[in-house]
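The values are calculated or read from the model by the stated rules, or taken from the named source; none is laboratory data. It should be emphasised that the depicted structure is a prediction, and the values quoted were computed from it without experimental measurement. Don't worry about glycine lacking a Cβ; one is built from the backbone with ideal geometry, like all the others, and counts go over all protein chains shown.
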Amino acid sequence: MKVLGIETSCDETSVAVVEDGVKVLSNIIASSIDLHKKYGGIVPEIATRHHAEIILHLLKEALSIAGVSLKDINLIAVTQGPGLIGSLMVGMAFAKSLSQALKIPILGVDHILAHIYSCYLSYNKPQFPYLGLVVSGGHSSILYMKDFNNFIPLAKTRDDALGECFDKVAKILGLEFPGGPVIEKKALNAKEKNISFPTPWIKNSYDFSYSGLKTAVLYYVKKIKTLDEESISEICYAFQEAALAAILKQVKKVILDYKINRLLVGGGVSANSRLRELLKTFDLELFLPEISYCSDNAGMVAGLGYELYNRSMRSDFSLEPYSIFENNLKMNR
Ligand code: KG4
Ligand code: ZN
């Protein structure tokens, strides 16, 4: 079964063709990130326009690289949310039009679950149940996954997501957007490791909160007044350690409480080598996506669409985008 995946939840426009859930025939990704750099963050209007400009070109390229035509496609899977509403609407309107014109079934899929699914593109099917950890620019979530259509959200962010915090701290330090990869690189260069920031921590909850850590970095930078290359590296190191420690602490707590030791990780921040290194120290069956599947891509959307379709999930033209994950719970549980 060949599934056409469409992903437009944020700044990446992506179209993929995936066969039987795991064979990626093509996975084309075009990002508008360069257009946002000067604003230090994603500008929704710019992202939306960019999706609309290029999505048809990406479809043509994805079909051509996969060596298929639209009549070979059995299902169209499209990201329904969470994400930027304007961006999501471009992908959904495009998917609906294709579906209507070509009489191909359409299925809306959840972006967070798709990030977890990205591990299936790199490994032989991990067995349920497991924990899913999604760390990206918009989300810090832990889910107890009994199946793709049967899961319990355990943790979310109460303010900034982990990737968002990397991006905001980079801005404070005068580094370029997106901040994650730059901070990771600078942290590796740190010679002195004398600073420490408190690990963000919410008592009696699995949730995350990163706005306090961001503020701690801001106050520290204001206090030292001059920022040279070495102090930037040292701050990056200290910030990254504190930010990742919070993830590890909560994951450890969930593992103990739920007595489960299989973990699938996804999302842009799962590309971070320090996070990968730290997670590997756990006594866990650990699944990390290939780096190319960490950030937003339609391959994971197509793959998840295949699995959900095989569990009899269907969508119709009343499909609406949603911006916040919680809205989806009613639909998927
Ligand atoms: O999953 P993604 O591409 O988009 C969302 O769904 O949000 O994640 C993008 C986020 C950005 O905040 C970026 O700074 C972060 O992932 N990121 C990283 C790294 N690579 C990307 N954060 C830390 N270390 C990295 N190597
Ligand atoms: Zn994402």
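Numerical summary
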| quantity | calculated |
| --- | --- |
| Only listed residue being among the hydroxyl-bearing types (Ser, Thr, Tyr), in contact (Cβ under 8 Å) with a residue 12 or more places away in the chain, away from ligand 1 (no atom under 16 Å from the Cβ) and surrounded by 21 or more Cβ atoms within 10 Å (Cβ to Cβ), chosen from SER26, SER9, SER14, SER32 | SER26 |
| Residues located in segment 264-311, provided they are within 16 Å of ligand 2 (Cβ to nearest atom), of a type in the set (A, V, I, L, M, F, W, C) and not in a helix (DSSP H, G or I) | LEU264, VAL265, LEU288, CYS294 |
| Candidates SER136, SER141, filtered to the one that is over 15 Å from SER209 (Cβ atoms), polar (S, T, N, Q) and within 16 Å of ligand 1 (Cβ to nearest atom) | SER136 |
| Residues satisfying the stated conditions in segment 62-74, i.e. surrounded by 18 or more Cβ atoms within 10 Å (Cβ to Cβ) and either modelled with pLDDT under 95 or small (Gly, Ala, Ser) (or both) | ALA62, ALA66 |
| Filter result (outside any strand (DSSP E or B) and away from ligand 2 (no atom under 14 Å from the Cβ)) within segment 7-35 | ASP20, GLY21, VAL22, SER32, ASP34, LEU35 |
| Positions within segment 188-231 being touching a strand residue (DSSP E or B) at 6+ places or on another chain (Cβ under 8 Å) and in a loop (DSSP other than H, G, I, E, B), in sequence order | PRO200, ILE202, SER205, TYR206, ASP207, SER209, TYR210 |
| Residue within segment 190-203 that is surrounded by 24 or more Cβ atoms within 10 Å (Cβ to Cβ), within 11 Å of ligand 1 (Cβ to nearest atom) and at pLDDT below 95 present | no |
| Number of the condition not met by ILE42 [criteria: (1) within 16 Å of ligand 1 (Cβ to nearest atom); (2) hydrophobic (A, V, I, L, M, F, W, C); (3) crowded, with 23+ Cβ neighbours inside 10 Å] | (3) |
| Some residue of segment 239-261 being under 20 Å from the mean Cα position of the chain (by Cα), hydroxyl-bearing (Ser, Thr, Tyr) and in a helix (DSSP H, G or I) | no |
| Failed condition for GLY132, given (1) within 16 Å of ligand 2 (Cβ to nearest atom); (2) assigned to a helix (DSSP H, G or I) | (2) |
| Residues of segment 145-176 that turn out to be within 16 Å of ligand 2 (Cβ to nearest atom) and among the hydrophobic types (A, V, I, L, M, F, W, C), as a count | 4 |
| Of all residues making up segment 4-49, the number that are of a type in the set (S, T, N, Q) and in contact with a Lys or Arg (Cβ under 9 Å, 6 or more places away or on another chain) | 1 |
| Which listed residue is of a type outside the set (Asp, Glu), away from ligand 1 (no atom under 16 Å from the Cβ), within 29 Å of LEU58 (Cα to Cα) and crowded, with 17+ Cβ neighbours inside 10 Å, from LYS96, LYS125 | LYS96 |
| SER209 vs. criteria out of contact with any Phe, Trp or Tyr (no Cβ under 7 Å at 6 or more places or on another chain) and either in contact (Cβ under 8 Å) with a residue 12 or more places away in the chain or within 13 Å of ligand 1 (Cβ to nearest atom) (or both) | yes |
| Residue count for segment 144-164, restricted to those that are among the charged types (D, E, K, R), in contact (Cβ under 8 Å) with a residue 40 or more places away in the chain, surrounded by fewer than 24 Cβ atoms within 10 Å (Cβ to Cβ) and not in a loop (DSSP other than H, G, I, E, B) | 1 |
| Subset of segment 229-287 that is without any contact (Cβ under 8 Å) to a residue 60 or more places away in the chain and aromatic (Phe, Trp, Tyr) - its residue that is surrounded by the most Cβ atoms within 10 Å (Cβ to Cβ) | TYR237 |
| Answer residue from segment 155-170, given it is within 11 Å of ligand 1 (Cβ to nearest atom) and not small (Gly, Ala, Ser) and is farthest from ILE324 (Cα to Cα) among those | VAL169 |
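Conditions (1) under 20 Å from GLU12 (Cβ atoms); (2) without any contact (Cβ under 8 Å) to a residue 12 or more places away in the chain; (3) of a type in the set (S, T, N, Q); (4) assigned to a strand (DSSP E or B), marked per residue:
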{"position": "HIS115", "(1), (2), (3), (4)": "yes, no, no, no"}
{"position": "ILE142", "(1), (2), (3), (4)": "no, no, no, yes"}
{"position": "PHE166", "(1), (2), (3), (4)": "yes, no, no, no"}
{"position": "LYS186", "(1), (2), (3), (4)": "no, no, no, no"}
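Residues are listed down the side, and each one gets a yes or a no for (1) outside any helix (DSSP H, G or I); (2) crowded, with 24+ Cβ neighbours inside 10 Å:
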position	(1), (2)
LYS60	no, no
ILE76	yes, yes
ALA101	no, no
CYS119	no, yes
